[in-house]
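Report on the structure given below.
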Amino acid sequence: MKAKIAFFLTFLTVLIGCSANSLVSDASELKFSVETEIPENQVDTKRSYFDLQTTPNMEQTLIAHLRNDTEEDITVVPTIKTATTNANGVIEYGESNTDSDVSLAFKLESLLTSSESEIVIPKNGKIDYKLTLKMPATEIKGLIVGGLTFKEKSDSEEESGTAPKNENGTQIKNDYAYLVGVVLHGTLPADKADLKLTKAEPGQQNHHNVINARLVNPISDYLAKLSLKATVTKQNSNKVLYSSQQANIQMAPNSYFDYPISLEGEKLKPGKYTVKIEAESKGNKWSLEKNFEIKADVADKLNHSDIALKKNYTRVYIILGISLILVALLLLIVTLVRRKLAVNNRNYRIRARKQEIELNELREKMSEERQKNRHRTNSKLKK
């Protein structure tokens with residue numbers, strides 16, 4: 001039986017290092033198509049992805065049919081990934097920045113393998129991509145979930161620099177891929193739904209300060225329609241400092257994600273805090289609590305990189321103002337001292353000149369007295 005896949009995912013990759021994912025329904029963006037061959041152990045035959053009942057030691061070949069209707073050969077890169085949950089509370093069946101939780105017994109990529117790292121689809125032709133599913137000897141509880149991604153290999157556009165650029169001059173390239181879901185059903189039922197809060201710590205989301213509360217789904221089943229109400233307080237205090245809430249969160253089996261609690265533009269402050277979360281999913285309710293500490297060096301580092309925080313330069317302005325005042329006072333003192341020295345020097349010269357004049361006058365008087373005395377002496381001798 002053949003059925004067209006239900007998932008079609010597009011990846012917009014910014015070559016400088018940023019990326020974004022979005023779901024589209026128009027397969028015209030791709031140069032190839034994918035069909036899955038649904039096997040007999042399909043649990044729900046109405047599903048177009050692999051939804052398989054498994055048993056211990058079971059070995060099976062899965063087939064995906066790839067078709068190329070273009071006039072050129074197409075190289076496709078297949079990848080196999082276990083499903084995870086991203087920071088937005090959305091399940092990722094392909095590439096993800098998060099890993100599975102340690103509670104996961106077997107990753108999908110350890111059970112589902114293929115010898116082909118690349119698939120060349122001939123022009124106007126078809127090719128079968130085969131995978132081997134080999135289950136372990138132990139019985140599996142609940143579900144193991146993931147996805148098969150089929151992505152066209154990057155062409156020379158990226159390497160040659162001819163890819164289109166945005167208004168900032170950043171080179172971008174649109175990469176489109178098919179995503180086929182894979183759900184493996186174990187022979188044992190999953191445990192009762194559970195949710196754990198394993199840690200809380202300061203961090204950033206999109207360069208804004210947040211408190212990250214790590215929530216874990218340790219059960220091998222989906223945790224659907226999860227609603228959260230979170231608050232952050234000082235330890236041993238009921239005063240709410242920050243709060244956040246979100247609904248319709250979906251968590252993959254045996255996965256975790258860091259739920260961000262925004263600080264709404266406030267600075268992180270060192271201290272000991274408590275995060276409390278009230279959670280609900282399909283009638284199941286949890287009251288979770290975790291203490292954590294914000295270190296001074298961590299707060300300073302994150303505050304410095306938070307783009308929403310206005311930098312306070314008051315201390316710099318005060319130091320600069322005091323420095324200018326000190327420089328002005330120093331210049332004033334130097335000027336006054338120089339003036340004082342100039343006045344003293346001038347007074348000294350005046351006194352010295354006056355003394356010199358007085359001395360010269362005294363000399364002249366003494367010279368006149370001597371002349372008078374000689375004249376008197378000569379007059380007496382003549383008589």
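Overview of values
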| read-out | value |
| --- | --- |
| Subset of region 31-78 [closer than 21 Å to P136 by Cα, surrounded by 14 or more Cβ atoms within 10 Å (Cβ to Cβ) and not aliphatic (A, V, I, L, M)] | P39, N41, Q42, F50, D51, Q53, T54, Q60 |
| Enumeration of residues in region 79-88 that are surrounded by fewer than 19 Cβ atoms within 10 Å (Cβ to Cβ) and either among the aliphatic types (A, V, I, L, M) or part of a loop (DSSP other than H, G, I, E, B) (or both) | N86, A87, N88 |
| Region 61-111, residues that are among the basic types (K, R) and in contact with a helix residue (DSSP H, G or I) (Cβ under 9 Å, 6 or more places away or on another chain) | K81 |
| Whichever residue in region 46-62 is of a type outside the set (A, V, I, L, M) and under 38 Å from the mean Cα position of the chain (by Cα) and, among such residues, is farthest from T132 (Cα to Cα) | R47 |
| Output for region 174-207, where each listed residue is in a loop (DSSP other than H, G, I, E, B) and touching a helix residue (DSSP H, G or I) at 6+ places or on another chain (Cβ under 8 Å) | H207 |
| Residues that are within 21 Å of the chain's Cα centre (by Cα) and without any contact (Cβ under 8 Å) to a residue 40 or more places away in the chain, drawn from region 209-242 | Y242 |
| Verdict on S117 being closer than 26 Å to A190 by Cβ, within 32 Å of the chain's Cα centre (by Cα) and in the same structural domain as T82 (by TED's automatic domain parsing) | no |
| In region 33-77, residue nearest to E116 (Cα to Cα) [restricted to those that are of a type in the set (G, A, S) and assigned to a strand (DSSP E or B)] | A64 |
| S220 vs. criteria modelled with pLDDT of 95 or more and in contact with a Gly (Cβ under 9 Å, 6 or more places away or on another chain) | yes |
| Meets criteria (assigned by TED's automatic domain parsing to the domain that holds I277 and free of Cβ contacts under 8 Å to residues at least 24 places away in the same chain) for N206 | yes |
| Count - residues of region 243-258 that are surrounded by 14 or more Cβ atoms within 10 Å (Cβ to Cβ) and either in a strand (DSSP E or B) or not assigned by TED's automatic domain parsing to the domain that holds A230 (or both) | 10 |
| Matching option when the condition is surrounded by 10 or more Cβ atoms within 10 Å (Cβ to Cβ), within 58 Å of the chain's Cα centre (by Cα) and in the same structural domain as I219 (by TED's automatic domain parsing), among A299, A328 | A299 |
| So E293, is it exposed (fewer than 14 other Cβ atoms within 10 Å of the Cβ) and in a strand (DSSP E or B) | yes |
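For (1) among the basic types (K, R); (2) part of a helix (DSSP H, G or I), each residue gets a yes or a no:
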| residue | (1), (2) |
| --- | --- |
| L309 | no, no |
| A328 | no, yes |
| L341 | no, yes |
| L359 | no, yes |
| R363 | yes, yes |
| K372 | yes, yes |
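One line per residue, one yes/no per condition, for (1) in a loop (DSSP other than H, G, I, E, B); (2) modelled with pLDDT of 95 or more; (3) surrounded by 12 or more Cβ atoms within 10 Å (Cβ to Cβ); (4) not hydroxyl-bearing (S, T, Y):
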| site | (1), (2), (3), (4) |
| --- | --- |
| E116 | yes, no, yes, yes |
| I127 | no, yes, yes, yes |
| T132 | no, yes, yes, no |
| A137 | yes, yes, no, yes |
| S154 | yes, no, yes, no |
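The values are calculated or read from the model by the stated rules, or taken from the named source; none is laboratory data. Every value quoted in this text rests on a predicted model; they were computed, and no experiment measured them. Every residue, glycine among them, receives a Cβ derived from its backbone with ideal geometry; neighbour counts consider all protein chains shown.
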